[in-house]
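Novice: Right, I'll just put the structure down here and ask away after.
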Amino acid sequence: MDNKLSLELKHISKTFPGVKALSDVSFSATPGKVCGIVGVNGAGKSTLMNILGGIHQPDEGGEIIINGEKVVIADPKASTKLGVAFIQQEVQAFDTMNVYENILAADLNKWRKKGSFALDRAAMKKEAKVHLEALDSHIDVEAPVYTLTVGDKQIIQIARALSQGGRILLFDEPTSSLSDHEVAMLFSVIHRLKEQGYIIFYISHFLDEIFELCDNVVVLRDGQVVGKADISDINKEQLVEMMLGYQIEGSTHVRGNTLDDVIFKAEHISGEKLPRDFSFELHKGEILGVWGLLGSGRSELFNTILGIDKMVDGQLYFKQGGELREITQKEFYKHIGYLTEGRHYDGLFLNMSIGRNITSSKLDEFATKGLGILNPGKEAVEARKLMKEVDVKAIDENMKVSKLSGGNQQKVIIAKWFLKDPEILFMDEPTKGVDVGAKNEIKELIIEKAEKGTSFVVVSSELEEIMSLCDRIIVIYEGRLVGEVQKADFSKENLMKGIVSQEEKNAE
Ligand SMILES: Nc1ncnc2c1ncn2[C@@H]1O[C@H](COP(=O)(O)OP(=O)(O)OP(=O)(O)O)[C@@H](O)[C@H]1O
Ligand SMILES: [Mg+2]
């Protein structure tokens, strides 16, 4: 790599209607270093990356200097030309094509044989291999992409960026859908890129990752740079304090619920996506954790219980009128809420306002009965109340949800289910993309609700989170219940026990 690679940002500001997302941001990046960009939800991290990616233009007066020259990044194409590559969290891949086609997809014309439309596939494979080898990856270049894991797809995305001449690499929360193993693989790829002298920006709410991977950090708060540090000079508490502007306090709640009142029971259920017989109980006011490795069937368990995936066998029981009675899925819907894992896929109406998204969980209550005409005034009042309760940071309830930062979008979904206030709330990764401060707030909100009698079933990949939040944890492996751990016995070892013994059985 030529050694003149450099990037400097000077006085970058960005104003959206009503929001100053970035305010006089200046710093320079060092090639061969991983620079962490950290800050709470809405601090301006993605906006900064979007400016480098040519998606947004900075306000008048800001300067971007690449390799010593002042540049204008008018659109994503211009950004690619300047060597900037954006590795998105939602993996971009053409599933029906194979690996080498994906890597070289940006400019297929380049690979046509002279005087013909036919692609020179041998040359393409060779070229794709070069880029994968540079990443120390052994993915088969001929494999169809749909057969790959999310982690492999992400590596292909990186290889594609390199094939287009990418030398300034932006990673915006790349690990939130990866398994531990895939995260390790991604990190080793990033280490390789670092050794090769690339400029790398890395955004994550997982602070352990920041400390493991980054050489230095830039801390944003309310769009301003409030700190810059070498990672070796600070500890986690200091970083959190810089991000938040205050110190985090431990939970003030002492859980005193006696959990002997069974409110829900799943008995011998199995389904199209849940092959095995699964049973468990949930108590009133309980926060029950479901823990397992990525792909262990956690989401499938929820989807089967709730009939999103077909349930083939088994019964559901729900307590009504003091008695546990069998209930159909349809009947059960009246009593529950379900926060799904796919925020953009099935969690939000992205093109609608924050307010309407919140009221969507019980829209009929805002409508004239039998006529279905909504009462927007009433909706707004309720929506505002909920926005305040879960602390959604936005101008007002009329703002489009798509314009919120990722973490604030997640809070809108929580607000939506808190408005319905169901007896049981199923939550799949409730704090995905949420910052440390807000994570704590959401945890407190869940505990507060549980104290008042709401029951929760929570899937979380974050061990620390699930252990601090839950009263009891059930462990799932390959769609099967392999363990149950009570609060007093929470530890990584105890949670892993069921999984390890199953793996040993499988190996026999
Ligand atoms: N297109 C847009 N129109 C209006 N406001 C926007 C737009 N994009 C971002 N914003 C606002 O700019 C601010 C910064 O948002 P940004 O997405 O950069 O935050 P972030 O640091 O990436 O947060 P998160 O950790 O939640 O992803 C937020 O207040 C957000 O609502
Ligand atoms: Mg963001």
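Novice: Would you work out the relative contact order for the range 262-507, in percent, from Cα pairs under 8 angstrom that are 6 or more residues apart?
Specialist: Once normalised by length, the contact order is 26 percent.
Novice: Follow-up. Using a Förster radius of 56 Å, what is the FRET efficiency between GLU508 and HIS344 based on their Cβ-Cβ separation? Nearest 0.05, please.
Specialist: So the FRET efficiency works out to roughly 0.85.
Novice: In addition: Starting from the amide H of LEU169, placed 1.01 Å from N in the peptide plane, find each other amide H under 5 Å away whose residue is 5 or more places distant or on another chain.
Specialist: ALA85, ILE199, ILE200, PHE201
Novice: Nearest 10 degrees is fine. How inclined is helix 492-507 to the longest principal axis of the chain, computing both from alpha carbons?
Specialist: For helix 492-507, the angle is close to 80 degrees.
Novice: Sort the following peptides by mean Cβ neighbour count (other Cβ atoms within 10 Å, averaged over residues), highest first: 387-393, 289-295, 241-247.
Specialist: 289-295, 387-393, 241-247
Novice: If r is the Cβ-Cβ distance from ALA184 to ILE55 and R0 is 30 Å, what FRET efficiency results, to the nearest 0.05?
Specialist: The value I calculate is 0.50.
Novice: What angle, in degrees between 0 and 90 and rounded to the nearest 10, separates the Cα long axis of helix 376-390 from the longest principal axis of the Cα atoms of the chain?
Specialist: With both axes taken from Cα atoms, the answer is about 80 degrees.
Novice: Tabulate in residue order the Karplus-calculated ³J(HN,Hα) for the range 287-302, using 6.51 cos²θ - 1.76 cosθ + 1.60 with θ = phi - 60°, rounded to whole Hz; enter x for Gly and Pro.
Specialist: Each residue's phi maps through the Karplus curve to give 10, 9, x, 10, 10, x, 6, 4, x, 7, x, 5, 5, 4, 4, 4 Hz.
Novice: Kindly write out, for the range 102-113 in residue order, the coupling ³J(HN,Hα) from the Karplus curve 6.51 cos²θ - 1.76 cosθ + 1.60 (θ = phi - 60°), rounded to whole Hz, with x marking Gly and Pro.
Specialist: 4, 5, 9, 4, 5, 9, 5, 4, 4, 9, 7, 5
Novice: Another question about this same structure. Quick one: pull the percent of accessible area on the range 42-158 belonging to carbon and sulfur, 1.4 Å probe, ligands and nucleic acids left out.
Specialist: It is 50 percent, rounded to a whole number.
Novice: On to the next question. At a 10 angstrom cut-off on C-beta neighbours, averaged per residue, how do the peptides 469-481, 39-51, 423-435 rank from highest to lowest?
Specialist: Peptide ranking by packing, descending: 39-51, 423-435, 469-481.
Novice: Could I ask something else about it? Rank these by accessible area, largest first, 1.4 Å probe: ASP152, ASP140.
Specialist: Largest accessible area first, the list is ASP140, ASP152.
Novice: Another question, then. In whole percent, what relative contact order does the chain give with Cα contacts below 8 Å and a gap of six or more residues?
Specialist: Worked out over the chain, it gives 15 percent.
Novice: Okay, next question. Compare the peptides 399-407, 181-189 by average per-residue count of other Cβ atoms within 10 angstrom and give them in order, highest first.
Specialist: In descending order of packing, they fall as 399-407, 181-189.
Novice: Let me ask something else. Give the separation of the Cα centroids, the range 1-72 to the range 265-330, in Å.
Specialist: So the separation of the two Cα centres works out to 47 Å.
Novice: On to the next question. Take every DSSP beta bridge with both residues inside the chain and express the antiparallel ones as a percent of the total, to the nearest 5.
Specialist: 55
Novice: Quick one: with all protein chains in place, what share of the accessible area of the range 262-507 is carbon or sulfur, to the nearest percent (1.4 Å probe)?
Specialist: Carbon and sulfur together cover 50 percent of it.
Novice: To test your reading of the geometry: what angle, between 0 and 90 degrees and rounded to tens, separates the Cα axis of helix 121-134 from the longest principal axis of the chain?
Specialist: Helix 121-134 and the main axis of the chain meet at about 80 degrees.
Novice: Rounded to the nearest 500, what is the chain's calculated 222 nm mean residue ellipticity when only DSSP H runs of at least 4 contribute -39500 (n - 2.57) each, over all residues?
Specialist: Here the helix-only value at 222 nm equals -10000 deg cm²/dmol.
Novice: Now for a different question. Which residues among the range 256-293 fall inside the zone where the amide N is under 14 Å from a point 7 Å beyond the Cα of LYS452, along Cα→Cβ?
Specialist: Zone members listed by number: 285.
Novice: Could I ask something else about it? Keeping all protein chains in place, calculate the accessible area per residue for the chain (probe 1.4 angstrom), answer in Å².
Specialist: With all protein chains present, the chain gives 47 Å² per residue.
Novice: Still on this model: Taking amide hydrogens as modeled 1.01 Å from N in the peptide plane, which residues meet the under 5 Å criterion relative to VAL482, leaving out close sequence neighbours?
Specialist: Excluding prolines and chain starts, which carry no amide H, the hits are VAL475, ILE476, TYR477.
The values are calculated or read from the model by the stated rules, or taken from the named source; none is laboratory data. Model, not experiment: these values are computed from the prediction. So basically every Cβ, Gly included, is an ideal-geometry build from the backbone, and we count neighbours across all protein chains shown. To get the accessible areas, we keep the full protein, side chains included, count just its heavy atoms, and leave off ligands, DNA and RNA. Shrake-Rupley method; radii C 1.70, N 1.55, O 1.52, S 1.80 Å.
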